[in-house]
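This is the structure I want to talk about, given as structure tokens.
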Amino acid sequence: MSGNYLIDTHTHINMIEKLSLDEILENAGKNNVKKLIVPASNAADIDEVFELSQKYDNVYCYLGIHPSEAKDWNDTIEEKIRTLAKSPKVVGIGEIGLDYYWDKSFVELQKEIFIKQIKLANELNLPVNVHDREAHKDTFDILKEHNKNSTVIMHCFSGSPEFAAECIKEGWYIAIGGVVTFKNAKKMKEVAGTIPLERLLLETDSPYLTPVPYRGDENQPAYVKFVAEEIAKIKEISYNEVVSATTQNAERIFVI
Ligand code: NI
């Protein structure tokens with residue numbers, strides 16, 4: 001039975017600066033993180049994360065264009081993703097979505113490219129790894145209107161418990177990262193307490209959002225255990241229960 005090890009379902013190991021890839025993977029292994037999924041963000045990333053997934057047995061990838069990089073999207077990229085996605089190591093389209101925090105100057109383009117990538121995921125029958133920053137309503141509405149058959153994962157979830165409940169009602173998954181360990185993250189702790197284990201995934205989003213007790217340092221997949229520990233504490237269940245349930249969810253969704 002699977003489940004006594006962790007899976008980091010969203011880590012940009014290609015962006016970690018202080019450690020080599022071998023060190024990152026070694027630390028992950030030592031901390032019982034057995035599988036990693038690396039999202040693409042921009043056009044250059046697509047080749048990079050795909051190559052990582054081909055090079056390392058336990059590294060998988062999502063291919064897609066981040067909303068802040070929406071200008072990178074074109075037919076060539078779309079065709080490239082369609083071709084690369086034939087590999088079983090490509091387990092989703094991501095990270096895609098809407099980001100109204102960094103730049104609101106091209107919201108319409110962000111929406112258009114988000115919709116195109118949802119349709120591509122539907123065609124390829126792959127899950128979507130969704131980035132939603134300060135764009136909860138539009139993200140929800142677009143997914144509800146345009147997604148037909150892809151499993152939806154709300155990566156780095158940052159909404160309210162009420163919004164989480166709406167997402168759960170749609171059959172979507174919520175991925176939680178290091179923010180839940182921050183002392184002042186009252187809303188995230190509430191969210192973690194209310195999401196059923198069957199709908200929960202763990203991630204680090206490293207090198208960003210490093211959990212306590214390493215907050216301030218660069219994040220890495222090994223630290224996903226602190227997210228699991230915090231969720232166990234909040235839910236008043238065992239650490240192993242959190243690990244086992246989230247790993248089973250990830251293996252089922254991404255067929256890894
Ligand atoms: Ni990310």
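Readers should treat all values here as calculations from the given coordinates under stated rules, not as data from a laboratory. Bear in mind that the values here come from a model prediction, so they are computed numbers and not experimental data. With ideal geometry, Cβ positions are generated from the backbone for all residues, glycine too; neighbour counts draw on all protein chains shown.
Inspect region 100-107 for any residue being part of a helix (DSSP H, G or I) and surrounded by 19 or more Cβ atoms within 10 Å (Cβ to Cβ) and give the result as yes or no. Don't jump to the end; show me each part of the working.
Of region 100-107, the ones part of a helix (DSSP H, G or I) are 107.
Those left that are additionally surrounded by 19 or more Cβ atoms within 10 Å (Cβ to Cβ): none.
No; the residues of region 100-107 include none that is part of a helix (DSSP H, G or I) and surrounded by 19 or more Cβ atoms within 10 Å (Cβ to Cβ).
Could you grab the pairs with beta carbons closer than 7 Å, sequence gap of 6+ or different chains, first residue in region 200-221 and without any contact (Cβ under 8 Å) to a residue 60 or more places away in the chain and within 14 Å of the ligand (Cβ to nearest atom), second one of a type in the set (D, E, K, R) and assigned to a loop (DSSP other than H, G, I, E, B)?
Final answer for the pair search is THR210/GLU218.
Say we look at region 154-191 and pick out the residues that are out of contact with any helix residue (DSSP H, G or I) (no Cβ under 7 Å at 6 or more places or on another chain) and within 16 Å of the ligand (Cβ to nearest atom); which of these is farthest from ILE37 (Cα to Cα)?
SER158
Now, a different point. For region 81-110, which positions are free of Cβ contacts under 8 Å to residues at least 40 places away in the same chain, more than 19 Å from ALA44 (Cβ to Cβ) and under 19 Å from the mean Cα position of the chain (by Cα)?
Hits for region 81-110 are TYR100, TYR101.
Can you name the strands (runs of 3 or more DSSP E) wholly within region 1-69 that have at least 2 residues being touching a Leu at 6+ places or on another chain (Cβ under 7 Å) and within 12 Å of the ligand (Cβ to nearest atom)? Write out each step before concluding.
On the way: elements: 6-8, 33-39, 59-63.
It comes to none.
Another question, if that's okay. Determine whether ILE118 is crowded, with 16+ Cβ neighbours inside 10 Å, touching a residue at least 12 places away in the same chain (Cβ under 8 Å) and part of a helix (DSSP H, G or I).
The answer is yes for ILE118.
Which pairs do you get when a residue that is closer than 13 Å to LYS89 by Cα, found in region 36-58, comes within reach of a residue that is of a type in the set (Phe, Trp, Tyr) and more than 15 Å from the ligand (Cβ to nearest atom), reach meaning Cβ atoms under 7 angstrom, with the pair 6+ apart or on two chains?
ILE37/PHE254
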